[in-house]
Amino acid sequence: MIREKVTIQDYERIANENEYFIWNFISREEDYPFEIFSFFEDHDDVHTLRDVLSYIDIPYFESYNDKDSVDFLMNLDISTYQLWRKDSDGKSIFYPLFVGFKKRIKINSSYDKNSCYCKEGLIDLIFQLDPKFILNVKLD
């Protein structure tokens, strides 16, 4: 299973090596109200992302949603209004998102209609890329 922390500069390599993949653009902010956080961080709470990806064998890449990723994400037709928002203190922060790719093309994201940055949203995003990733899951 491919699980890798990367930067935007790794896109060409990733796209050349993988027909399908998901990319998680996480926030550097620690206090955002989501149940999903970095795959590579340990938490005492339930680790939703690790739980889902322990069953689904799809290449997973992770980087920060920050000023370095904005142009890349905008070129995928993701609105800048979705990329960052003001928190309760009025500070602008980048929000996390998943993007699903097939053959170098963005197929969907957690910002698309009827989607969310949650367990169900991640599973649906993967299912939309190719149902085989979900249908081939082996449960104990």
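The values are calculated or read from the model by the stated rules, or taken from the named source; none is laboratory data. Everything quoted here is computed from the prediction, not taken from an experiment. Because the Cβ atoms are built from the backbone with ideal geometry, glycine has one as well, and the counts that use them run over all protein chains shown.
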Selection within region 2-36 - farther than 15 Å from VAL99 by Cα and of a type in the set (Phe, Trp, Tyr): TYR32, PHE34
Cβ pairs under 7 Å, 6+ apart, first in region 23-43 and under 19 Å from TYR11 (Cα atoms) and surrounded by 17 or more Cβ atoms within 10 Å (Cβ to Cβ), second aliphatic (A, V, I, L, M) and modelled with pLDDT under 85: SER27/ILE93
Contacts under 9 angstrom Cβ, first residue in region 105-121 being at negative phi and surrounded by fewer than 16 Cβ atoms within 10 Å (Cβ to Cβ), partner outside any loop (DSSP other than H, G, I, E, B) and not charged (D, E, K, R), 6 or more apart: CYS118/THR48; LYS119/THR48; LYS119/LEU49; LYS119/VAL52
Residues of region 44-55 classified as over 14 Å from the mean Cα position of the chain (by Cα) and either crowded, with 17+ Cβ neighbours inside 10 Å or not aliphatic (A, V, I, L, M) (or both), total: 6
Condition check for ILE22: farther than 17 Å from LYS5 by Cα, touching a helix residue (DSSP H, G or I) at 6+ places or on another chain (Cβ under 9 Å) and modelled with pLDDT of 90 or more: no
